[in-house]
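Novice: Would you mind keeping the following structure in view while I ask a few things?
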Amino acid sequence: MTFSLEQLSVRMRQGRDIPLRDTAGVVLALSIPSILEQLVVTAMEYIDAAMVGHIGAEATAAIGIVSSSTWLLHGILVGLYNAFAIQIAQYLGADRQADARGVLRQAMLFNLAAGLAAAAFGVGISGHLPGWLGADVSLQANASAYFAIWSAALPFIMAMGMYTAMLRATGDALTPGLISVLVCVLDVVFNFFLINPTRQLVLFGQSITVWGAGLAVPGAALGTALSDVVGGGLALAILLLREGPLCIRKPGSWKITRACLRNLWRVGVPLAAERAALSSAQVLQVRIVSQLGTVAIAANSLGVSAEGLCYMAGYGIQDAAIALIGQAVGAHRRDMAKRFAWLCTAMGMGIMALSGVGLWLFAPALMGIFTADAAVIALGARVLRIEAFAEPMFGASIVASGAMQGAGDSTGCFVLNLVSMWGIRLTLAFLLAPRFGLVGVWGAMCFELCVRGTLFLLRLAHGRWLEKGALS
């Protein structure tokens, strides 16, 4: 019999010994749907990128030049709203369901205010951003349009991310996965009609006319935005209508509490700072790559998409680790928190090691999915094979950081990532790019990820990440 997270949480609060088999069963029950969700999302992103890639290298480069900026803006917001999900996991672990529902109500208010503010900011800077990043004049119009449309959808992007994270915190990993799959399918469908012009297609031997808006790069952004609107609305509707510990129809206050704000400051601000440090470093890395030419920009952008097949599984397990360890810490079971942390980290390293082997073997084929440009394929495959060696340690850093975040130790994650990204990766990339081009940049990335993974494993073994204790 496999226990649910709710059942396991009850046993943890009772102080009972829990066999390793039951613990592993809960880890798998939460991890497998999250991993499959991330793999499906990545596959759909492959299709999405391929739709743009086959327009030409310039279209890919236009999106690639602002992609790191979307990571930066979205990453800061992710760090903040994940703090709400971590609070909910710990409150449910402590059987404080009323407090958990209070956090949900306050998160909804935060999502509305922060989402609208972020959207206004993104749209406001979109006209200037490509120029700030050093993009060629020929790329700037499409890059600006893509970023503006993407920014306008931020309230819904935040809603989907925030509310699906809260569902995972309750132990429900399946519903967020189904929502994400639906959003990805809609993204591909919308892009099919919005990117391409009206054209003739042969279906079952018959030539048919298929309508298309012919919007190219702006069409890709609009397709993504529309699918996110559906996903965000659906995630919110599920939380509003379903029964369970987060049933918002139960009586409760919408008042902003000191405890929630204190926890947001204690956990959310370091998480947002960590995301900002990582994403801004990626922005600067793109700035370095932008000096290497259109082929390098396209190969870098598509290479990042191709590598997603490896590291998305790690992020799926990270989602499970945050929920599991959050509830264990809320139940005051440090022993179970450690067990969950090592089980999840070992799983992440193992899966990403296997996917790294696949990345090395199939690098040219993966690049060929996105583009027909031979120069982009050759350069992209070369850098992917360098990156393949870093995947196990990248997995260690991803999942171990999730374990620490679930325990409330987001400051430690911020410090380790800051030192690694800014002190090692950017320094090496700046020094190696002029001589070795994109190969030097990705070589610096590979080395840095190995160091980062080692640092996270050492902190995980030391145990200081558990000293934060349960949230207020």
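Novice: What number in nm² do you get for the range 285-339 if you take the convex hull of its Cα atoms and divide its surface by four?
Specialist: Spelled out: convex hull of the Cα atoms, projected over all directions, averaged, 5.3 nm².
Novice: Once you keep just the Cα pairs under 8 angstrom separated by 6 or more residues, what percentage relative contact order results for the range 249-367?
Specialist: 24
Novice: Please compute the modelled spin-label separation between Leu241 and Ile208, points set 7 Å along Cα→Cβ, answer in nm with one decimal.
Specialist: According to this spin-label approximation, the distance is 3.0 nm.
Novice: For the Cα atoms of the chain, what angle does the longest principal axis make with the long axis of helix 374-387, in degrees from 0 to 90, nearest 10?
Specialist: Helix 374-387 sits at roughly 30 degrees to that axis.
Novice: Could you give each residue of the range 62-77 its phi-based ³J(HN,Hα) in whole Hz, using Karplus coefficients 6.51, -1.76, 1.60 with θ = phi - 60°, and x for Gly or Pro?
Specialist: Along the range 62-77, the couplings run 4, 6, x, 5, 9, 4, 5, 6, 5, 4, 5, 5, 5, x, 4, 5 Hz.
Novice: So what are the ³J(HN,Hα) numbers for the range 155-163, from phi and the Karplus equation (6.51, -1.76, 1.60; θ = phi - 60°), rounded to whole Hz, Gly and Pro as x?
Specialist: x, 7, 4, 5, 4, 5, x, 5, 6
Novice: Let me ask something additional. On a 0 to 90 degree scale, rounded to 10, what angle separates helix 137-152 from the longest Cα axis of the chain?
Specialist: Once rounded, the angle reads 30 degrees.
Novice: Once the dipole of the chain is set up with Lys and Arg at +1 and Asp and Glu at -1 on Cβ about the Cα centre, which of Val137, Gln97, Gly214 lies farthest towards its positive end?
Specialist: Result: Gln97.
Novice: Between the range 278-312 and the range 420-472, what is the C-alpha centre distance in whole Å?
Specialist: Centre-to-centre distance over Cα atoms comes out at 16 Å.
Novice: Another question, then. Kindly provide log₁₀ I(q)/I(0) values, in the same order as q = 0.23, 0.25 Å⁻¹, from the Debye equation applied to equal alpha-carbon scatterers of the range 134-196.
Specialist: -1.01, -1.07
Novice: Right, here's the next one. How big is the Rg/Rh ratio for the range 232-278, C-alpha atoms only, Rh by Kirkwood, two decimals?
Specialist: Taking Rg over the Kirkwood Rh, I get 1.12.
Novice: Using amide H atoms built 1.01 Å from N in the peptide plane, name the residues 5+ places from Gly212, or on other chains, whose amide H lies under 5 Å from its own.
Specialist: When sequence neighbours closer than 5 places are left aside, the close amide H contacts are Thr198, Arg199.
Novice: What are the equivalent ellipsoid semi-axes of the range 137-250, built from the alpha-carbon gyration tensor (square roots of five times its eigenvalues), in whole angstrom, biggest first?
Specialist: Value: 34, 19, 9 Å, ordered largest first.
Novice: Tell me, what % of the accessible area of the range 150-262 is carbon and sulfur with a 1.4 angstrom probe?
Specialist: Accessible surface attributable to carbon and sulfur in the range 150-262 totals 72 percent.
Novice: Carbon and sulfur atoms: what percent of the 1.4 Å accessible area of the range 294-364 do they account for?
Specialist: Percent of accessible area from carbon and sulfur atoms in the range 294-364: 71.
Novice: Just the Kirkwood number for the range 324-364, please: inverse of mean 1/r across all distinct Cα pairs, in Å, one decimal.
Specialist: 11.7
Novice: Looking at the range 339-436, I'd like the Rg to Rh ratio, where Rg is from alpha-carbon atoms and Rh is Kirkwood's inverse mean 1/r.
Specialist: Rounded to two decimals, Rg over Rh is 1.07.
Novice: May I have the extent of the alpha carbons of the range 265-394 along their three principal axes, as whole Å values ordered from largest to smallest?
Specialist: 56, 33, 19
Novice: Considering the options Thr23, Cys450, Pro392, tell which one lies farthest towards the positive end of the dipole of the chain, charges being +1 on Lys and Arg and -1 on Asp and Glu at the Cβ, about the Cα centre.
Specialist: Checking the options against the dipole of the chain, the answer is Thr23.
Novice: Using only the Cα atoms of the range 1-159, construct the convex hull and provide its projected area averaged over every direction, in square nanometres to one decimal.
Specialist: Result: a mean projected hull area of 11.9 nm².
Novice: A further question on this structure: Using θ = phi - 60° and the Karplus curve 6.51 cos²θ - 1.76 cosθ + 1.60, what whole-Hz ³J(HN,Hα) does each residue of the range 18-24 get, with Gly and Pro shown as x?
Specialist: Those phi angles translate into 10, x, 4, 4, 5, 4, 5 Hz.
Novice: Restricting attention to the alpha-carbon atoms of the chain, what are Rg (one decimal) and Dmax (integer), both in Å?
Specialist: In Å, with Rg to one decimal and Dmax whole: 21.9, 68.
Novice: Also, I was wondering about something else. Could you work out [θ]222 nm for the chain from helices alone, using -39500 (n - 2.57) per DSSP H run of at least four and dividing by all its residues? Round to the nearest 500 deg cm²/dmol.
Specialist: -27000 deg cm²/dmol
Novice: Please report, in debye to the nearest 20, how large the charge dipole of the chain is about its Cα centre when each Lys and Arg carries +1 at its beta carbon and each Asp and Glu carries -1 there.
Specialist: For the chain, the charge dipole is close to 1400 debye.
Novice: To test your reading of the geometry: what angle, between 0 and 90 degrees and rounded to tens, separates the Cα axis of helix 334-361 from the longest principal axis of the chain?
Specialist: Its long axis makes an angle of about 20 degrees.
Novice: Another one. How large is the accessible surface per residue of the chain, computed with a 1.4 Å probe and reported in Å² as a whole number?
Specialist: That works out to 39 Å² per residue.
Novice: Further question: What net charge is computed for the residues neighbouring Leu431, neighbours being all others with C-beta under 14 Å from the C-beta of Leu431, Lys and Arg scored +1, Asp and Glu -1?
Specialist: +1
The values are calculated or read from the model by the stated rules, or taken from the named source; none is laboratory data. Fair warning: this is a prediction, and the values are worked out from it, not measured in the lab. Positions of Cβ are generated from backbone atoms using ideal geometry, with glycine treated the same way; all protein chains shown enter the neighbour counts. With ligands, DNA and RNA removed, areas are computed over all heavy atoms of the protein, side chains included. Shrake-Rupley method; radii C 1.70, N 1.55, O 1.52, S 1.80 Å.
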